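The values are calculated or read from the model by the stated rules, or taken from the named source; none is laboratory data. From a predicted model like this one, the values you see are computed outputs, not experimental measurements. All Cβ positions, even for glycine, are placed from backbone atoms using ideal geometry, and neighbour counts span all protein chains on display. For accessibility, only protein heavy atoms count, side chains too; no ligands or nucleic acids. Shrake-Rupley method; radii C 1.70, N 1.55, O 1.52, S 1.80 Å.
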Amino acid sequence: MIATDEKFSKSINELAALYNVPGRIVSAERTGNGHINDTFKVVTAGPTETQTYIFQRVNESVFTKPEIIMDNLKKVSDYIDEKFGSDSAEAGMILTFEKNSEGNNFARLSDGFWRVSKFIDACSYDSITDSRVLYNSGSAFGRFQDILSGLDANTLVETIPDFHNTVKRTEAFFEGLERDAAGRASTCMPEIAFFEKHKNDFSRLVELHECGILPYRVTHNDTKINNILIDKNDGRPLCVVDLDTVMPGLASYDFGDAIRFGANYSAEDETDLEKVGLNFEYYEQFTRGYVTAAKPFLTVSEKDSLALAAMTMTYEVAIRFLLDYLNGDIYFRIHRENHNLERARCQIRLCEDMMANYAKMCSIVDKYYN
Ligand code: ADP
Ligand code: GN1
Ligand code: MG
């Protein structure tokens, strides 16, 4: 076997046996650009057929009870199977995990909690150069929420409690700043000053939920554009992946996080801040796709929270990146020194740009809802 990461080869071989994959493994390479899990593309070859899989180890520092993820996903797939049928287009839109010889769709091995899915040969965009990708992604995430709009969110459990509670995220940041565990606070004073200035400005979504105006629905909660697999030939959205945070949330969290990632002129970690900003063409195309698909269930109050959520999700991930930098890079996978600081700077710049353009963002949402 050719493995890019030797320390995982034992588990990859064990999984191949447990899942009865046909033939022998010919390659096992890290794939994707996720910041959390360990994801491998595994190719097997037998005398007559070649198969490709995704083997993935869940990050148990982040998801301390991965069984909860699988319980949530079972509820989601049971609901879809009952309502639309297990062979329906709706069922096909959400990634499923293979069953192994023990009858489970996960495997607990000596080095952690693993899952296997069929590899879907499609595009997964980390940076985007075509606004149709935004339209298609907006449709896919809106459709995802619409399909699940009849499933009571209270039946699912939070896999990471208070994941998008921006108020608690802000409190956690200032506690982390106080600790300054890695001794880095002095190296990011302008960024800290941004959060000092705006620490009370992004609590509105939490308040609107707490007073009953914005309901919890079954949402994805991690709607980076690379978490949708898109057909290589015609750009159709094929499948939503990264389902670890499918749980109760606000509809606008999904809209907001996707805009943050996909409608930035630059990548999430751009160091030339001149290149960072909200691309209105992309924003409009995502909004068109999302609002059209979500309209059957989306209330006026929810619609009115979408642009605010784009700003809030950008602020929130900025504060999470900076906290991880202060903590010594213990949560998000980094690829270079100061990576989390650079990510935070980029997201702060994007947030400032959104604040300056908020009215225009709202009017584009209205254009497609009304
Ligand atoms: P993370 O939580 O680390 O982001 P993901 O579940 O998003 O992990 O997986 C990382 C990346 O791997 C995805 O963004 C996607 O590009 C790719 N990926 C995941 N599952 C599949 C699959 N079944 N087929 C093809 N690509 C996949
Ligand atoms: C993580 O897993 P991934 O890379 O798709 C993170 C998101 C952040 C994102 C920032 C479980 O997403 O919340 O917005 O990085 N996922 C988790 O890029 O924390
Ligand atoms: Mg991902």
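Within the stretch 322-363, track down each residue that is within 16 Å of ligand 3 (Cβ to nearest atom), open to solvent by 10 Å² or more (accessible area, probe 1.4 Å) and not hydroxyl-bearing (Ser, Thr, Tyr).
Across the stretch 322-363, the qualifying residues are 332, 333, 334, 335.
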Where residues in the stretch 269-289 are under 17 Å from residue 126 (Cβ atoms) and β-branched (Val, Ile, Thr), which of them is surrounded by the fewest Cβ atoms within 10 Å (Cβ to Cβ)?
-> 271
Among residues of the stretch 133-152, those that are open to solvent by less than 30 Å² (accessible area, probe 1.4 Å), within 14 Å of residue 254 (Cα to Cα) and outside any helix (DSSP H, G or I), counted = 1
Output the residues belonging to the stretch 159-170 that are surrounded by 15 or more Cβ atoms within 10 Å (Cβ to Cβ) and of a type outside the set (Val, Ile, Thr).
-> 163, 164, 165, 169
Of 333, 343, 320, the only residue that is within 18 Å of the chain's Cα centre (by Cα), modelled with pLDDT of 95 or more and either assigned to a loop (DSSP other than H, G, I, E, B) or among the acidic types (Asp, Glu) (or both) is 333
Conditions: (1) farther than 30 Å from residue 153 by Cα; (2) free of Cβ contacts under 8 Å to residues at least 40 places away in the same chain; (3) within 16 Å of ligand 2 (Cβ to nearest atom). Residue 272 meets all but one. Number of the miss?
-> (3)
Test: residue in the stretch 361-370 that is closer than 24 Å to residue 179 by Cα and touching a residue at least 40 places away in the same chain (Cβ under 8 Å) = no
Complete set of residues in the stretch 309-326 that are touching a helix residue (DSSP H, G or I) at 6+ places or on another chain (Cβ under 6 Å) and within 20 Å of residue 254 (Cβ to Cβ) = 309, 310, 311, 312, 313, 314, 315, 316, 317, 318, 319, 321
Residues within the stretch 15-37 that are open to solvent by 20 Å² or more (accessible area, probe 1.4 Å) and within 13 Å of ligand 3 (Cβ to nearest atom), tallied = 6
Inspect the stretch 27-37 for any residue being among the charged types (D, E, K, R), closer than 15 Å to residue 119 by Cα and in the same structural domain as residue 63 (by TED's automatic domain parsing) and give the result as yes or no.
-> yes
In the stretch 220-229, residue surrounded by the fewest Cβ atoms within 10 Å (Cβ to Cβ) [restricted to those that are more than 7 Å from ligand 1 (Cβ to nearest atom) and outside any loop (DSSP other than H, G, I, E, B)] | 225
By residue number, the members of the stretch 153-191 that are without any contact (Cβ under 8 Å) to a residue 60 or more places away in the chain and not in a helix (DSSP H, G or I) are 161, 162, 165, 183
Report, ordered by the first and then the second residue, all pairs with beta carbons closer than 6 Å, sequence separation of six or more or different chains, a first member in the stretch 249-268 that is surrounded by fewer than 24 Cβ atoms within 10 Å (Cβ to Cβ), and a second member that is modelled with pLDDT under 95.
-> 267/127
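Would you say residue 207 is more than 16 Å from ligand 1 (Cβ to nearest atom) and part of a helix (DSSP H, G or I)?
yes
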